[in-house]
1. Sort A:282-288, A:46-52 for me by packing, meaning the mean count of neighbouring Cβ atoms within 10 Å per residue, highest on top.
2. Pairing the Cα long axis of helix A:133-146 with the longest principal axis of chain A, what angle in degrees results, from 0 to 90 and rounded to the nearest 10?
3. Tell me, what is the percent relative contact order of chain B, built from C-alpha pairs under 8 Å that lie six or more residues apart?
4. Ranked highest first by average number of other Cβ atoms within 10 Å, how do B:150-161, A:289-300 line up?
5. Determine the equivalent ellipsoid of the stretch A:129-191 by diagonalising the alpha-carbon gyration tensor, then write out the semi-axes as square roots of 5 times the eigenvalues, largest first, rounded to whole Å.
6. How many partner chain Cβ atoms sit within 10 Å of a residue's Cβ in peptide A:180-193, on average, as a whole number?
7. Counting only other chains, and only Cβ atoms inside 10 Å, what mean value do you get across the residues of B:44-56?
8. Under Stokes-Einstein, with the Kirkwood radius over Cα pairs standing in for Rh, what whole-number D in µm²/s applies to the stretch B:187-255 at 10 °C and 1.306 mPa s?
Amino acid sequence: MTSTAVKSRAAASGRAGDKIFSGAALGAGVLILITLFAVALFLLIQALPTFSADPAEITGGEGFFAYIFPIIIGTVIAAAIALVIATPIGIGVALFISHFAPRQIAGPLGYVIDLLAAIPSVIYGAWGYMVLAPALVPGYEWLSQNLGFIPIFEGPASQTGKTILTASIVLAVMVLPIITSLSREIFLQTPKLHEEAALALGATRWEMITTAVLPFARPGIISAVMLGLGRALGETMAVALVLSTGGLIPSLIKTGNQTIAAEIALNFPEAFGLRLAELIAAGLVLFLITLVVNMIARAIIARHKEFSGAN
Amino acid sequence: MSKRIDVNDLNVYYSKFRAVEGVSINIEAKSVTAFIGPSGCGKSTFLRTLNRMHEVIPGGRVEGEVLLDGDNLYAPGVDPVTVRSQIGMVFQRPNPFPTMSIRDNVLAGVKLNGKKIAKSDADALVEKSLRGANLWNEVKDRLDKPGAGLSGGQQQRLCIARTIAVKPDVILMDEPCSALDPISTLAIEDLINELKNDYTVVIVTHNMQQAARVSDKTAFFNIAGTGKPGKLIEYNDTATIFSNPAEQATEDYVSGRFG
Ligand SMILES: Nc1ncnc2c1ncn2[C@@H]1O[C@H](COP(=O)(O)OP(=O)(O)OP(=O)(O)O)[C@@H](O)[C@H]1O
Ligand SMILES: [Mg+2]
């Protein structure tokens, strides 16, 4: 009799714990949604004057779309190049740390990479325009002379090296630690069971990685890349310091192009009235781009759910 | 194809710790050999040295020789990758690749080393391997569904199909039924009986009846105490081990009077 009483009391407190936990989880979820919604609402209200204004009064004099379109393209190009550079390197370094490096090297290397993620972006920007940009000038010259017939390498090359390609490379260095440390964590979590299954079938180390590790890590890699992309899209300081801005041009090695985040950062201090509304509208557009990209990433992950091993 | 295994004075280490000491054993081709013994006596450790899976564990190393039809697996210059494709292994917990379909799981080992295989050949091999693992009838209509969606027993037979698809000479099984229900267990035992027509099979089991049912010969391993290395105590025909063992320890263990 006592024992049933004890049991039911234990069960009751277990239920209370469940309730508290689910309440807290729900609360946290709702809070995030409210915050997001509040940010979106703020941006929308502040940006509204842009959309009702006379197109001639918008910067450039041809309306908001003509103003924002070139810098959307600039933003996307810079972030895309950064990811194209950082993703393979990040995955490679992460694999090296998790599956190839001897323990004495893997530990410190992982630590150094985590530290890279903590360096403030202004430092990356300073390094970009003082060291990297001048160093790249000869390379850009070479590209414009030998591959100049391809529009993206059309000359004359910038003499300062402060081009969108330099900015993209700086962005790549900045997102590299994010992609590397997240991928490494996921690679380390690959079940031993599946790694051994591959090895026991006669897989080499590399084949073990392609049959067991990479498929297991695929959704995690996509998430890591998306986080990196978020940083690349939203990065202001580094791009503002490195890029010598200008109108939208196809060449990556001439002065020109601009990104949304840098455009906002550069102009925000002196902006008021309609100009301020414009910049906030630009921020809203960046918010939407990030949202769309994340939705696409989720769709990619969900498409393979059946084969994710979650069942 | 099936080959015999001869082990000469094998010592197995985890870094400094000697887990198995001085094992010599001759395993006939086209037979089923069972390893029995108390937990921690080194059955799994020893089994994994037979296809060079032991050295996958950091610090894992081996002294002595393992001969596959006379060729030493541990001779210098022997590639463990080649060894493992000749000597397949089925693990305690079913481990089909979760991101692959049933069909791709069966072909996983075959497609390694950059080998290309024509679709018709692949189809034939998938059917043959799944039939060989007594799984074909249950999965033939859903070959493109994920392997992880099968029951535990079916997954284990899928793992056996995947192993026989690479046409090994020997199949090692480490407690292949311990995670399975009695019906699935019987299915696998039947399968082991058929497998011995074509392969040399070595199976670790904690189930005496299972050892008695499926094996031709039985090896009993034991340890003197914790921290001591495991040793091969007695190796003989299964009937002899269970009815008339030479060693007292063996008799105590198989009759359940142990410890
Ligand atoms: N990865 C490892 N590192 C260090 N020691 C290990 C490792 N795996 C096993 N051992 C040790 O080696 C000895 C033999 O273990 P093994 O797993 O081979 O025993 P077993 O006979 O298979 O036991 P069981 O019947 O419980 O599976 C044990 O003392 C164990 O603690
Ligand atoms: Mg074991």
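Read-outs throughout are calculated quantities, based only on the coordinates presented, and are distinct from any laboratory measurement. Here the structure is a predicted model, which is why all the values come from computation and not from measurement. Counting neighbours? That spans all protein chains shown, and the Cβs are built from the backbone with ideal geometry, glycine included.
1. For the peptides A:282-288, A:46-52, the packing ranking is A:282-288, A:46-52.
2. 70 degrees
3. Numbers: 508 pairs, mean separation 71.2, N = 259.
Computed value for chain B: 27 percent relative contact order.
4. The densest-packed peptide leads the list: B:150-161, A:289-300.
5. Values: eigenvalues 224, 39, 12 Å².
Semi-axes, largest first: 33, 14, 8 Å.
6. On the way: counts 0, 0, 0, 0, 0, 0, 0, 0, 0, 0, 0, 3, 3, 7.
Average per residue, whole number: 1.
7. The mean count of partner-chain Cβ atoms within 10 Å per residue comes to 1.
8. My calculation gives 122 µm²/s for D.
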